[in-house]
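Here is the structure we will look at.
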Amino acid sequence: MAAALTITIGMAADPVPVRGTSAAYAPSVDATVKGQAVRLNLTGVGLRTRFTFNVYAIASYVQDGAAVRTAEDLARADTVRLLHLVMQRTVEPGDFIGAFKAAIDKSHPADEFKAEFTQLATAVGSTAAAKGDHVTLLSLPGEGVRIQVAQSVDVTIKNPAFARALWEVYLGPKPLDEGLKKGMVSMLTR
């Protein structure tokens, strides 16, 4: 599977800022999936905080033309999707992966994705997500999710259910934060 991500900003389109940070996201990005260019449109942005500290800015993108109107549609969509995080503080690998696991465990049995988290932990190793790093999660229809952390981690987890579970962390019925969920779909056309 060849999937590359190239972020581009249209000349007439202004980046969408994330309040409380210097992060701003392009209204659309291009990804190359299986040799084909795919346009992804911004569905919204938000800021993940924990104990009053900014952890990361996040943007959600979905393939142009996808029939998604709600957060739940976006979480379940079998189309190219992208979550783009910009770290606002350094997070150690155990904490970063542990936070995703704890969030997924709110909606799934505790060991449902044990192999996937083991694969992710092995790929990440001792690499922290440092302040300023870009972390991307690219959901590939019917295949799984490609996770990149800065220039140091690039792993594809071949399980579409795991990709869906990651999107449910933000957009599912038991999200990390309702305000964050609303922000991440604030640009969807209803």
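Filtering region 66-100 to residues that are part of a strand (DSSP E or B) and either modelled with pLDDT under 95 or over 15 Å from the mean Cα position of the chain (by Cα) (or both) leaves only VAL91.
For region 172-190, filtering for residues that are in contact with a Leu (Cβ under 8 Å, 6 or more places away or on another chain) and not in a helix (DSSP H, G or I) leaves 3.
Looking only at residues in region 113-153 that are in contact (Cβ under 8 Å) with a residue 24 or more places away in the chain and among the charged types (D, E, K, R), the one that is surrounded by the most Cβ atoms within 10 Å (Cβ to Cβ) is ARG146.
Might you let me know whether region 79-101 holds any residue that is of a type in the set (S, T, N, Q) and surrounded by 21 or more Cβ atoms within 10 Å (Cβ to Cβ)? Quick ask: steps written out before the conclusion?
Taking region 79-101 as the starting set, the residues that turn out to be of a type in the set (S, T, N, Q) are 79, 88, 90.
Then keep just the ones that are surrounded by 21 or more Cβ atoms within 10 Å (Cβ to Cβ); that gives 88.
Yes: one or more hits.
Among the residues in region 93-112, are any more than 21 Å from TYR170 (Cβ to Cβ) and among the polar types (S, T, N, Q)? No, region 93-112 has no match at all. Just so you know, in region 37-62 the residues that are under 17 Å from PRO141 (Cβ atoms) and surrounded by fewer than 18 Cβ atoms within 10 Å (Cβ to Cβ) include one that is modelled with the lowest pLDDT, and it is ALA37. Against the numbered list (1) modelled with pLDDT under 95; (2) in contact with a strand residue (DSSP E or B) (Cβ under 9 Å, 6 or more places away or on another chain); (3) surrounded by fewer than 17 Cβ atoms within 10 Å (Cβ to Cβ), LEU176 comes up short only at (3). Considering the conditions (1) surrounded by fewer than 21 Cβ atoms within 10 Å (Cβ to Cβ); (2) touching a residue at least 24 places away in the same chain (Cβ under 8 Å); (3) out of contact with any Gly (no Cβ under 7 Å at 6 or more places or on another chain), PRO160 is excluded by exactly one of them, (3). Of the residues making up region 14-36, those that are loosely packed, with under 15 Cβ neighbours inside 10 Å, modelled with pLDDT under 95 and assigned to a strand (DSSP E or B) are THR32, GLN36.
The values are calculated or read from the model by the stated rules, or taken from the named source; none is laboratory data. A quick note: this is a predicted structure, and the numbers were derived from the prediction, not measured. When we count neighbours, we look across all protein chains shown, and the Cβ atoms used for this are built from the backbone with ideal geometry, even at glycine.
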